[in-house]
Every structure is written in C-alpha cells, then in structure tokens.
C-alpha cells in the first residue's frame, strides 16, 4: 500500500490519496495528522509533498510518529519541503522578499470556508533532526527523476527559474527516511 498525503489536485496511479479537500481522486477526505483507518506497519511508502510545513513545529514530531506507525518495517517516508537554504541563497542574489512569501507562508483553501497557511520551514539539518527524533533512520535526499511518481509534476520538481529543470535551482528539499527494521 502507498499513501499520497495532502495530495491536493495531484493524482498518482497506485496510491491511496488523502487530503482535507474533496477532489475526485481523493480516497479519504480528512486531516492527515492522524491515519486511524490504516493498520500498524501496513504501508510501504508515504509521499507528502509540501504538507509537513502546514503543521506547527511543535506538533510535527507527533505527526511523524503517526506516519511512522503505519509504515511497514523498512518502509519509506518521502517528503518534499521548501528548502530554506535555497530561499536564503536566492534572496542573497537580490531577489525581493515578496518573491518568497508564497513559498514560506503558502495559502490554500481548506475546502470549506477558510484557508490554511504554512507554519514552518526546514533545511536538511533541521529536517533530519525531526525525522530522527520521530524514530526514522536512513535519512537521505531523493531525486524526483528516480521515483514511481516522476511523471507527476508537483513541487518536488519546482525550480527557479520556473520549469528550468536542466539548469535551474531545485527549490524544494526532497528528503526521505525509513522505518527501521526491528
């Protein structure tokens, strides 16, 4: 079983889709912080692109432990997060702060009458720390070109300048971790 958490409008064949907004492909319309319908150690892969940053920094460890609960031994959590190091590098080249407001704060409809906003950001060191604290191991970067969802153009493939996937700067931090084998 493979989960696509916070999938939004993106559909990946072969995945179970979970989001707070009802799109035709969403299998479960719910908050992704808790996954009670999935049994312990029942999922081989969780993919969450641009979702973890919508949680408060203080609650992320709890969210990650819940996702760890449903992962099978050796299962993979694949995240794509805005990379704060990239934002700083681009800002230091002279790009105006306004260029980064969407990346940092995001604003998405909650599917009802309000909006959700991003609440935190990461670099590789801070993401590694929270993943380890939640119980994950084998933390490493991943290449979107080498995944089963590489044909789905999402933020894991976001570059500056936009769509310059050959010469541009990858905006996101694509990081994955595994549930240790006990």
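Can you figure out the FRET efficiency of residue 133 with residue 56, using R₀ = 22 Å and their beta-carbon distance, to the nearest 0.05?
Numbers: r = 15 Å, r/R0 = 0.69.
That gives a FRET efficiency of 0.90.
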Relative contact order [Cα under 8 Å, 6+ residues apart], the chain, whole percent: 23
Set of region 1-32 residues, backbone N closer than 20 Å to the point 7 Å along the Cα-Cβ line of residue 110: 5-9, 18-23, 28-32
Whole-Å distance, taken between Cα centres, linking region 95-116 and region 155-178: 19
Cα gyration tensor shape for region 108-173, rounded if a/c is under 1.5, else prolate or oblate: oblate
Segment residue 166-residue 85, length gained on full extension (0.36 nm per residue, minus Cα span): 27.2 nm
Paramagnetic reach from residue 181 in region 128-149 [backbone N under 18 Å; point 7 Å along Cα→Cβ]: 136-140
Computed [θ] at 222 nm, helices only, for the chain once each DSSP H run of length n ≥ 4 contributes -39500 (n - 2.57): -6000 deg cm²/dmol
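Give me the number: length gained by fully extending residue 29 to residue 124, i.e. 0.36 nm times residue separation minus the C-alpha to C-alpha distance, one decimal in nm. The partial results should precede the final answer.
Values: separation 95, 0.36 × 95 = 34.20 nm, distance 3.04 nm.
That works out to 31.2 nm of additional length.
No value in this document is a laboratory result; all are computed from the given coordinates. None of these values were measured; they are calculated from a predicted model. Methodologically, a virtual Cβ is constructed for each residue, glycine included, from the backbone with ideal geometry; neighbour enumeration extends over all protein chains shown.
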